[in-house]
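Visitor: Below is one structure. I have some questions about it.
The values are calculated or read from the model by the stated rules, or taken from the named source; none is laboratory data. Because the structure is a prediction, the values reported are computed rather than measured. Cβ: placed from backbone, ideal geometry, glycine included. Neighbour counts: every protein chain shown. To get the accessible areas, we keep the full protein, side chains included, count just its heavy atoms, and leave off ligands, DNA and RNA. Shrake-Rupley method; radii C 1.70, N 1.55, O 1.52, S 1.80 Å.
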Amino acid sequence: MEESKKKRNRYGGRAQGNQPSLDGSHDEPMPLPNPMVGFNLPGYLQPSVTRILPKQDTGPPFFYYENVAQAPKGVWATISRFLYDIQPEFVDSKHLCATARKRGYIHNLPIENRSPLLPVPPKTIFEAFPHYKKWWPSWDLRTQLNCLRTNIASAKLTERIGRALASSDSPPARSVQKYVMNECRKGNLVWIGKNKVAPLEPEEMEYLLGFPKDHTRGLGITERYKSLGNTFQVDTVAYHLSVLKVMFPNGVNVLSLFTGIGGGEVALHRLGIHMKAVVSVEIGKANKRIFRGWWDQTQTGTLIEIDDVKSLTDDRIVSFVSRFGGFDLVIGGSPCNNLAGCNRYNRDGLEGEQSALFYHYFRILNAVKSAMARM
Ligand code: SAH
């Protein structure tokens, strides 16, 4: 089989989204593509994925659902089965920016004629942060950062690394290098002095994730790391959402579930897509504060805030649909707490207390679809 066909079968073949899954197929792990570049990415020679969605699955409303790519076995197959058997688009943001972020996206947006956000973000650590060159040892071969997490390395750990290096030769013995590199990779530590490493600052994370400077400023530092660790990588999401721009020249009405610090909205804004109205559902007080602050600074449309997806009843959905004349986009990534690999304690899959909120995404999307069908 020629290479392009092989690839298409590996991660495009079932990506058309119009093949019903066979009985029991959701028990199969969903293979993650390598390289993880989704259906297409700017600057990558693609296996040509085309997909034709059945009429009833195409927008409006357009929908966009996100979660961690490396979820326990069966999770993506189940999510996909609920979301009309549309196949996830798995993308590692390291192909677009200087930090890894492996995510799956299920959406019914067209996948042709996408365009990247400009300016294109730097793809390497030194392009993003040239000043780190000064103390970066030649044996630290990293060129990109790992996935940004919700918590950061402790001062104890960075001190221990400093001591290990101070008592070694220069360059340090292989075993010391190995220990240090392992910790640096795990914690995304950068070199800020001789034998001195530190975690990224929140504003560096904001930059890597495509947010405006100081987006999360004002929160406590722990909350900032948490919100940033959970958010969208804006350039990646914007690339997928870019197709909305020509479709909605007058702007969009958005139902934003699990809004967080507003990665989806920041992406739309940076694309120059006006948000006529956003109904935002987000339970975290700190996140709400950040999102509302950003909205007030940058937007002129209507913002309606709801705390909990559970309280967004079908009746309320019907009334929003009639008030706004329908939603153009239903966007959200439900919590990954019980899915992400770094959670060793209660990684109990989609039925975990937090992760099961996915079913509300599904319920709400269906309620929007049926209310819009009756318009
Ligand atoms: N996509 C978002 C982040 C999503 S993380 C961004 O761009 O920032 C998941 C979010 O769901 C978190 O912000 C969390 O506070 C929120 N959340 C958790 N339970 C919720 C609930 N019951 N209703 C609404 N939001 C909830």
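Visitor: Mind checking whether some residue in the range 258-269 is part of a helix (DSSP H, G or I), β-branched (V, I, T) and either free of Cβ contacts under 8 Å to residues at least 40 places away in the same chain or open to solvent by less than 20 Å² (accessible area, probe 1.4 Å) (or both)?
Guide: Yes: the range 258-269 contains one or more residues that are part of a helix (DSSP H, G or I), β-branched (V, I, T) and either free of Cβ contacts under 8 Å to residues at least 40 places away in the same chain or open to solvent by less than 20 Å² (accessible area, probe 1.4 Å) (or both).
Visitor: Oh, and also: Within the range 214-257, can you find the residues that are part of a loop (DSSP other than H, G, I, E, B) and more than 14 Å from the chain's Cα centre (by Cα)?
Guide: D214, H215, T216, G218, G220, S242, V243, F248, P249, N250, G251, listed by residue number.
Visitor: So which residues in the range 279-298 are farther than 25 Å from A356 by Cβ and buried (at least 19 other Cβ atoms within 10 Å of the Cβ)?
Guide: Filtering the range 279-298 down to residues farther than 25 Å from A356 by Cβ leaves 289-290, 292-298.
The answer is I290, W294, W295.
Visitor: If the Cβ limit is 9 Å and pairs must be 6+ apart or interchain, which residue in the range 308-322 that is open to solvent by 60 Å² or more (accessible area, probe 1.4 Å) pairs with which residue that is of a type in the set (V, I, T) and within 16 Å of the ligand (Cβ to nearest atom)?
Guide: D314/I364; R316/I306
Visitor: Still on this structure: Can you run down the residue pairs with Cβ atoms below 9 Å, 6 or more apart or on separate chains, where the first is in the range 364-375 and open to solvent by 50 Å² or more (accessible area, probe 1.4 Å) and the partner is in a helix (DSSP H, G or I) and of a type in the set (D, E)?
Guide: S370/D314
Visitor: Among the residues of the range 178-194, what is the count of those that are assigned to a loop (DSSP other than H, G, I, E, B) and touching a Ser or Thr at 6+ places or on another chain (Cβ under 9 Å)?
Guide: Within the range 178-194, residues that are assigned to a loop (DSSP other than H, G, I, E, B) and touching a Ser or Thr at 6+ places or on another chain (Cβ under 9 Å) number 2.
Visitor: Return the total of residues in the range 282-303 being in contact (Cβ under 8 Å) with a residue 40 or more places away in the chain and touching a strand residue (DSSP E or B) at 6+ places or on another chain (Cβ under 6 Å).
Guide: 2
Visitor: Yes or no: the range 128-136 includes at least one residue that is within 27 Å of G262 (Cβ to Cβ) and not β-branched (V, I, T).
Guide: Among the residues of the range 128-136, at least one is within 27 Å of G262 (Cβ to Cβ) and not β-branched (V, I, T), which makes the answer yes.
Visitor: Out of all the residues in the range 190-210, which are under 29 Å from P61 (Cβ atoms) and either open to solvent by 10 Å² or more (accessible area, probe 1.4 Å) or of a type outside the set (A, V, I, L, M, F, W, C) (or both)?
Guide: G210
Visitor: Okay, moving on. Among (1) surrounded by fewer than 16 Cβ atoms within 10 Å (Cβ to Cβ); (2) within 18 Å of A371 (Cβ to Cβ), there is one condition G301 misses while meeting the rest; what is its number?
Guide: Exception for G301: condition (2).
Visitor: Now, a different point. So, I331, is that one open to solvent by less than 10 Å² (accessible area, probe 1.4 Å), within 19 Å of the chain's Cα centre (by Cα) and under 25 Å from G104 (Cβ atoms) or not?
Guide: yes
Visitor: Scanning for something among the small types (G, A, S), open to solvent by less than 20 Å² (accessible area, probe 1.4 Å), out of contact with any Pro (no Cβ under 6 Å at 6 or more places or on another chain) and under 19 Å from I125 (Cα atoms), does the range 213-229 turn up at least one residue?
Guide: yes
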